[in-house]
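What follows draws every value from the coordinates through simple rules; no lab data is involved. In this text, all values refer to a predicted model and were calculated from it rather than measured experimentally.
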Amino acid sequence: MLFGRQTPTMVSPDEALPGRDRPLEVPETHHVTGRPIVPPWPDEHELLVLGLGCFWGPERIYWQLPGVWTTFVGYAGGYTPNPTYEETCTGRTGHAEVVGVVYDPREIDLESLLAAFWENHDPTQPMGQGNDIGTQYRSIVLTTTDEQRRVAEASRDRYQRKLTENGFGAITTTVEPLDHLYWAEGYHQQYLAKNPRGYCNHGFCQVAY
């Protein structure tokens, strides 16, 4: 049922996998930029966490944007502590595959980050992207400041109006404050830089933001 054509449903906290106390091992530096992918971040930089399907493609989109200082991929929005990729793919952690975007607000604004988010996946598809079906592929914005949440919610409403005008359906994206965030295994970090022909189903989708 999880990977069938019926819409998967979120696991409950009581049913989630137990996970582990120890974080997964990850490299300290970004494969492309050489900058750290773990905190602390530079002063006055902010973290925005986004889920828009398989995390490989979105990370490549964001590390190329001017004003983005570093990126990484991980798991967030669910319950299982320090989950593995295999556990997340079962749908029993509650987590989404996410990209962490550390940016300098003086060089790139939230609207630009969110434009890349909305335009490069289908936010009207529930619990999946294309043929990738599962709660780990859901559309989600996880914010770290009140201002991020305010801007993201307004952005969602604005994009919904554009989608509606062009005959598309309702956005399923949730906007939530970030709780726990877990870094993915090292081989997932900057995956498409290490594997240029690797799988990526992301690109311009539907209408311009």
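General observations
- Helix-only [θ]222 nm of the chain, DSSP H runs n ≥ 4, -39500 (n - 2.57) each, per residue, nearest 500: -6500 deg cm²/dmol
- Gain on full stretching of the segment that runs from Thr164 to Arg150 - 0.36 nm per residue minus C-alpha separation: 2.9 nm
- Evaluated at q = 0.10, 0.13, 0.17 Å⁻¹: base-10 log I(q)/I(0), Debye formula over Cα of the chain: -0.39, -0.68, -1.22
- Across the stretch 20-171, C-alpha contacts under 8 Å between residues 6 or more apart give a mean separation that, scaled by the residue count, equals a relative contact order of 27 percent.
- Shape analysis of the stretch 162-209 places it in the oblate category; the axes a ≥ b ≥ c from the Cα gyration tensor give an a/c of at least 1.5, with a/b not above b/c.
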